[in-house]
Amino acid sequence: QKLGTLLWPDWHYGVLSMYGTHLAVNHLLISEKLNVTKADQLLDQSTTNPDQFDLEKNNRLHLHCWHTEKKFSKFQFKLGQYNQIHPRTLLNDSSAQAYAMRMALESGLMSLEELGQRLRDISSNRTI
């Protein structure tokens with residue numbers, strides 16, 4: 001059996017990133033480094049929304065790739081259905097859909113070592 005199934009109901013591997021996000025947001029709220037007044041409107045922004053002004057209007061903290069076949073679909077990405085799209089074509093599209101697509105496509109252009117180094121560079125330049 002899969003590890004996530006064995007550990008149910010305490011943990012499910014498939015949603016660990018969501019749990020981690022919730023822990024991080026709660027930490028920031030308690031430490032007063034993040035001011036959230038209505039969290040139900042700030043979390044779980046859909047990645048299928050093509051509205052270029054939605055992110056700006058709603059200022060979401062977390063993108064959520066729902067189980068869907070609509071763009072952006074994590075399942076279609078995994079199957080290689082977006083391989084013909086170059087991330088640069090999405091630079092001027094500010095929708096959540098395009099942002100999720102661009103991040104996924106750009107991650108595919110890097111090796112794991114390059115991705116790790118980029119994340120280390122980003123974290124060393126930030127102070128929290």
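Which one of Phe72, Phe77 is of a type outside the set (A, V, I, L, M), not in a helix (DSSP H, G or I) and not assigned by TED's automatic domain parsing to the domain that holds Gly20?
Within the list Phe72, Phe77, the selection yields Phe72.
With respect to the numbered conditions (1) touching a strand residue (DSSP E or B) at 6+ places or on another chain (Cβ under 9 Å); (2) at pLDDT 90 or above, which one is the sole condition not fulfilled by Gln76?
(1)
The values are calculated or read from the model by the stated rules, or taken from the named source; none is laboratory data. Nothing here was measured: the structure is a model prediction, and the numbers come from that model. Cβ coordinates were reconstructed from backbone atoms using ideal geometry, including for glycine residues, and neighbour counts include every protein chain displayed.
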